[in-house]
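Asks: Shown below is the structure under consideration.
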Amino acid sequence: MRKSFIITLLFIFCYLSYAQHSLTEINYKVRNNIKVTEKLRTSDADFINNISDEMEKLTYVLLFHNSESFFSLIEEMNADNGKYQPKSLGQSFSFTGKVYTNYKEGIMLHEKYLSSDHFLIKSYIKDIGWELSNETKNISGYTCYKAKTVDTIVTIRGLKTFEVIAWYAPKLPYSFGPANYTGLPGLILELETNKATFYADKILFEQNHEINLIKKPLKGKLISKDEYHEFERKGFEKYKQYIKN
């Protein structure tokens, strides 16, 4: 009887060890980078203020273990059927979809939907091209260093280039960060893009999560970032033709 009980305990322990793993979890909050100025019409100012309010309610999560990470809106971590499409303009202005990063392979996979199309946008960590600086500031008790890069998006007016600023903490020696920005010699605690700033709200070490939360996505059409931009560009061209007619 006792032997059977011990075997049962060993089985449960092995199952839990397999099902769960100690992960580091970072929660990021968001604020709007689009400023309201006196030149704006009242309706435009109200629109931006409403978006700011929506963005401040969002929480994103970054989970990482060893050489892999996963990033998404916190309430969409387990969504696996397209339910994580943007639910608000605040989310659209912040970040949509999920990002899986694998340092051993040197890749990022951004899983997202555009209308009814499901994509896996593949990019390479080495292509981010960070420019490091000696400028520092204190974030949550950590000395953070500034790094810059440039990124591009497709708008109705064409391709737009914008600056991205990251503040990373070398004393947190994890080369991960929010959205699809990574590859610095320390964890990114704050990230400024053209529309939004992500800032670390909670840093939770050795959290027990199901290890399969960090897994390589397999669903969606695998395309490059340039191919996705071309898909967006054609979509905007169709839209412009539609409103002309």
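Asks: Considering only residues that are of a type in the set (S, T, N, Q) and either modelled with pLDDT of 95 or more or over 30 Å from Y228 (Cα atoms) (or both), which ones fall in segment 124-164?
Replies: S133, N134, T136, N138, S140, T143, T149
Asks: Scan segment 72-111 for residues that are crowded, with 18+ Cβ neighbours inside 10 Å, modelled with pLDDT of 75 or more and in a loop (DSSP other than H, G, I, E, B) and jot them down.
Replies: Once the filter is applied, which keeps residues that are crowded, with 18+ Cβ neighbours inside 10 Å, modelled with pLDDT of 75 or more and in a loop (DSSP other than H, G, I, E, B), segment 72-111 yields F95, T96, G97.
Asks: Here's a check for you: in segment 116-140, which residue that is in contact (Cβ under 8 Å) with a residue 12 or more places away in the chain and not in a strand (DSSP E or B) is farthest from Y199 (Cα to Cα)?
Replies: K126
Asks: Please go through segment 122-170 and pick out each residue that is aromatic (F, W, Y) and under 28 Å from E232 (Cα atoms).
Replies: Y124, W130, F162, listed by residue number.
Asks: Identify the residue in segment 57-71 that is in contact with a helix residue (DSSP H, G or I) (Cβ under 8 Å, 6 or more places away or on another chain) and not in a strand (DSSP E or B) and, among all such residues, is modelled with the highest pLDDT.
Replies: By that ranking, first place goes to L58.
Asks: Inside segment 173-235, counting only strands (runs of 3 or more DSSP E) that do not spill past its ends, which hold 3 or more residues that are crowded, with 17+ Cβ neighbours inside 10 Å, touching a residue at least 24 places away in the same chain (Cβ under 8 Å) and out of contact with any Cys (no Cβ under 6 Å at 6 or more places or on another chain)?
Replies: Answer list for segment 173-235: 187-192, 196-210.
Asks: Across segment 141-172, what is the total count of residues that are in contact (Cβ under 8 Å) with a residue 40 or more places away in the chain and either under 24 Å from S67 (Cα atoms) or surrounded by 14 or more Cβ atoms within 10 Å (Cβ to Cβ) (or both)?
Replies: 5
The values are calculated or read from the model by the stated rules, or taken from the named source; none is laboratory data. Because the structure is predicted, anything quoted here is derived from the model rather than measured. Positions of Cβ are generated from backbone atoms using ideal geometry, with glycine treated the same way; all protein chains shown enter the neighbour counts.
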